[in-house]
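The values are calculated or read from the model by the stated rules, or taken from the named source; none is laboratory data. Being a predicted model, the structure only gives us computed values, none of them experimental. A quick note on method: Cβ atoms are made from the backbone with ideal geometry, for glycine too, and the neighbour counts reach across all protein chains shown. These area figures cover heavy atoms from the full protein model, side chains too; ligands, DNA and RNA do not enter into them. Shrake-Rupley method; radii C 1.70, N 1.55, O 1.52, S 1.80 Å.
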Amino acid sequence: MCMTDTDVPSTAPADSASGRSHSVSLWTLVALIIGSTVGAGIFSLPQNIASVAAPGAMLIGWAIAGVGMLSVAFVFQILARRKPHLDSGVYSYVRAGLGDFIGFASGWGYWLGSVIAQVGYATLFFNTLGHYLPLFDASHSWTSAIAVSAMTWGIFAVLTRGTQQAAIMNLITTVAKLVPIVAFVVLIAFVGFSWDKFTMDFWGRDSGQTAFEQIQGIMLFTVWVFIGVEGASVYSKQARKRTDVGRATIIGFISVLALLVSVSTLSYGVLTQAELAALPDNSMASVLTAVVGDWGGLLISVGLCLSVLGAYVSWQMLCAEPITLMALDGLLPRTVGRTNKAGAPWVAQLISTIAIQGFVIVFFANETSYNAMVQLATIMYLLPYIFSSLYLVLLASRGRGLSHPKAGVNFDLSGPEVSRRDNRRHLAVAVLAFAYSMWLIYAADLVYVLFGAIAIIPGLIPYVATRLFKRERVFNTFEWVIVAIIVVAAIAAAWGLARGTLSL
């Protein structure tokens, strides 16, 4: 049985039954996007970009990333308008177009990416504190691990009181952290920027790498700092107005892009590429220190701490959302989607918190670097980007998604009619977003792709068990092919780990 472009199983309970309300406003959605996107990444951006690219390649890289990520943002805006009944975020689009398992794999990947991102944020947070408090410096990693754990469980306690309280907390920290970032941009632009330094070795000839190699090297870093631009779509089920989802996505994207390009570009006018590449993780603080002195570094460090705390709340909220929605849709045990009296999905939040705790132990025990966490998390986030773009390709080109393994479900939901002109425009956006996302996989280090496959494998257990318990078909032919690819990649990664040829 084939699904049309308007088809998706109507398995999720009504809001009244699930205890979830339409309480999130447009500007709260925008704050959620900015809060979850402008996190730790922007503060380490000068060093990250300079470690692989000169100013010329950096500008080209940002142009590519801007167009590519804008196309991804437009994909979610278009899908939000075309499929107003798909109110379970990025995962629901993939599920509608490509079936239950691909939808599940995307949701599972998004969830794991959020979990890994939490550990990365916390690592940078306590590395920054370690500069001022020796208790948290690099020689006391387990002290930081204990502190990360305490912070994670403390935020879990806040989240169990309800989404609205957490959203308000995120709004406050978002406003607070933007002050030092804007101060950085203004001070560098009017006080510390040197055009001569910016144009010195503009194309990075001293590095021995071609411009293409430099551009390829910065791609995952640019995606990482954009992660969260789809945050409004993830919370579309709780938006006051459906139209707010698309508007918040575009407003949030433009705001974030302006900040990211400003920070990375202006830094090259203060220090050379080699000097930037040698900076610690909180490289924004070092750049401003070079311009105005120690107080500038302290200002940025305070901003980073506020930023990470805000992003930590945002992402711990987002962590629980994908697995909650999958439980409500019957792809995971329904117990996972259980809410408390405050409407908080406490079971999913508990599972997410336990998963974060597990990764804290694994990453700190293996002394995994912040950059390694960034690249692994980014690979996991690319799954819903790739498959959501593919769904829009199918919608615009043939009017429906692929076949669905479930039979006897409700396929009577429909969206607004779309003109041929709009279909052509949507197809162009979708093809661009899909090509960009696939190129990112190509540009990534193979080790992170293989470890990403390993991360998907544990999710097969609850998914298959749920399908068997409900006596439903587990996989169709297309899904068996995808499962086979994932298993082969995971076996290759496990073999590399066992032989010591692969590591993070």
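Here are some notes:
- Anisotropy class of segment 424-504 from Cα gyration tensor, a/c 1.5 cut: oblate
- Highest-first packing order for the peptide set 145-155, 43-53, 471-481 is 43-53, 145-155, 471-481, based on the mean count of other beta carbon atoms within 10 Å.
- Packing, as the average of other Cβ atoms within 10 Å across residues, places the peptides 485-494, 130-139 in the order 485-494, 130-139, highest first.
- For the chain: relative contact order, % (alpha-carbon pairs under 8 angstrom, 6 or more apart): 33
- Computed in the context of the full set of protein chains, the accessible area of the chain at 1.4 Å probe radius has 66% of its extent on carbon or sulfur.
- Against the rule of thumb 2.2 N^0.38 Å, how large the Cα Rg of segment 316-467 comes out: 1.26
- Solvent exposure of the chain, expressed per residue, is 38 Å² of accessible area, with all protein chains present and a 1.4 angstrom probe.
- For the peptides 99-105, 322-328, 184-190, 341-347, the ranking by packing is 322-328, 99-105, 341-347, 184-190, with the highest mean count of neighbouring Cβ atoms within 10 Å listed first.
- Global size of segment 175-317 as Cα Rg and Dmax, reported in angstrom: 17.4, 54
- Angle in degrees between helix 446-469 and the longest Cα principal axis of the chain, rounded to the nearest 10: 30
- Crossing angle, helix 477-499 versus the chain [Cα axis fit, 0-90 degrees, rounded to tens]: 40
- Descending Cα extents along the principal axes, the chain, whole Å: 67, 51, 48
- Angle between the chain longest axis and helix 420-443 axis [Cα atoms, degrees, rounded to 10]: 60
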